[in-house]
Amino acid sequence: MRQIVVAFERQSNCDRFREVLESTGEFSCLTCRSAAQVKRTVGKLRLDLVVCGFKLADESCESLYYDLPQRCAMLMAAPQAQLDLCAAAGVFKLSVPVGREALLASVRMLCQMAQAREAPAQRSGEEQELVARAKEALMEYGGMTEGEAHRFLQKRSMDRGARLADTARRVLEEMTPGKDA
């Protein structure tokens, strides 16, 4: 059973999401109502998935995202207008109201991604170098941190259904001066 942090400002939202996730028997949820609680829980139990709303009692979830360990994924469930305000490239977004199956599918996908991150790297040395070069370019020209650059590549790769190395190659091609867009 995988443990997940469910964090919403309102207890009723925490309860609704927890009930849906725990009803499958796949997940055990720990509910939080503040960013400080989430940080303590994630750090203490080394959890890697937070399902949350747009804001918590003490700060926005986008701000919280930047304070979480790199291993931690965030699924933000909020009205589309609020999701549009979230600029963090690594935050996975789910518009509410959301159906039970869409929520479960999103959480399962993020859990699979977390398992893949835990698996030993299967990329060749050349592919690892390509990903490293793409991250460096995003950091230098895009003003991203290393964690943000990595999450950007992962998200873009997932959105396009492409391998991470192929996405890194494409990003480098797009950033090469003199190329036609």
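Read-outs: derived from the displayed coordinates by stated rules, not from any lab. Everything numeric here is computed off the predicted structure, so don't read it as measured data. Every residue, glycine among them, receives a Cβ derived from its backbone with ideal geometry; neighbour counts consider all protein chains shown.
Okay, here's what the table says:
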quantity: Label assignment, Rg/Rh (Cα atoms, Kirkwood Rh) derived from the structure, set (i) 1.53; (ii) 0.99; (iii) 0.97; calculated: (ii)
quantity: Pairwise Lys count, the chain - Cα closer than 16 Å, eight or more residues apart or different chains; calculated: 4
quantity: Rough spin-label spacing in nm, given labels placed 7 Å along Cα→Cβ, for GLU146 and ARG163; calculated: 2.4 nm
quantity: Rounded FRET efficiency, nearest 0.05, which uses the C-beta distance separating GLU129 from GLN80 and R0 of 30 Å; calculated: 0.15
quantity: Residues with amide H under 5 Å from that of GLN3, placed H, sequence gap 5 or more; calculated: SER28
quantity: Positive-end extreme of charge dipole, the chain - chosen from ALA162, PHE17, LEU49 (charges on Cβ); calculated: PHE17
quantity: Dipole in debye (nearest 20) - the chain, about Cα centre, beta carbon charges: Lys, Arg +1; Asp, Glu -1; calculated: 440 debye
quantity: Mean ellipticity per residue at 222 nm, deg cm²/dmol - from DSSP H runs of n ≥ 4 across the chain, formula -39500 (n - 2.57); calculated: -17500 deg cm²/dmol
